[in-house]
Amino acid sequence: MEDINEGFEEMFNVEAVLKDSRMQEILYDLKIKLANENYNMIIENGIDFEAMEYRGISAAPLIKTLNDMLEIFIELEEYEKCSEIKKILDKANEGA
């Protein structure tokens, strides 16, 4: 019976699955932390899309990050943050 259990564990590598699951949790927690840190910095300092355009800096990566943040805040049901991010995205799209 012990041989069967060892064979089963080798086939499905249960430890690797658990490790991967834990890594996914850590990654998700990190995404939430970064989204909140970005949000706080943006609210505190704002984003000057006009200055970015003037300096030839593409807003595309920033817009992608804002959209990623919006998805996270929707999932977390943090609708006040969603509203603020949406306003910023609308402003970015006005200049596009």
Under 6 Å by Cβ, and 6 or more places apart or on different chains, what pairs join a residue from the range 21-36 that is closer than 14 Å to L76 by Cα with one that is part of a helix (DSSP H, G or I) and open to solvent by less than 80 Å² (accessible area, probe 1.4 Å)? A35/M69; A35/I72
Would you list the helices (runs of 4 or more DSSP H) that sit entirely within the chain and hold 3 or more residues that are at pLDDT 95 or above and surrounded by 12 or more Cβ atoms within 10 Å (Cβ to Cβ)? 14-45, 60-75, 79-95
Restricting to the range 40-90, name every residue that is under 14 Å from the mean Cα position of the chain (by Cα), under 18 Å from D29 (Cα atoms) and of a type outside the set (D, E, K, R). T65, L66, N67, M69, L70, I72, F73, I74, L76
Quick one: count up the residues across the range 46-65 that are at positive phi and aromatic (F, W, Y). 0
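The values are calculated or read from the model by the stated rules, or taken from the named source; none is laboratory data. The structure presented is a predicted model; accordingly, all values stated were derived computationally and were not measured. Note that we place each Cβ from the backbone using ideal geometry, even for glycine, and neighbour counts take in every protein chain shown. Surface accessibility is based on the protein's heavy atoms, side chains included, excluding ligands, DNA and RNA. Shrake-Rupley method; radii C 1.70, N 1.55, O 1.52, S 1.80 Å.
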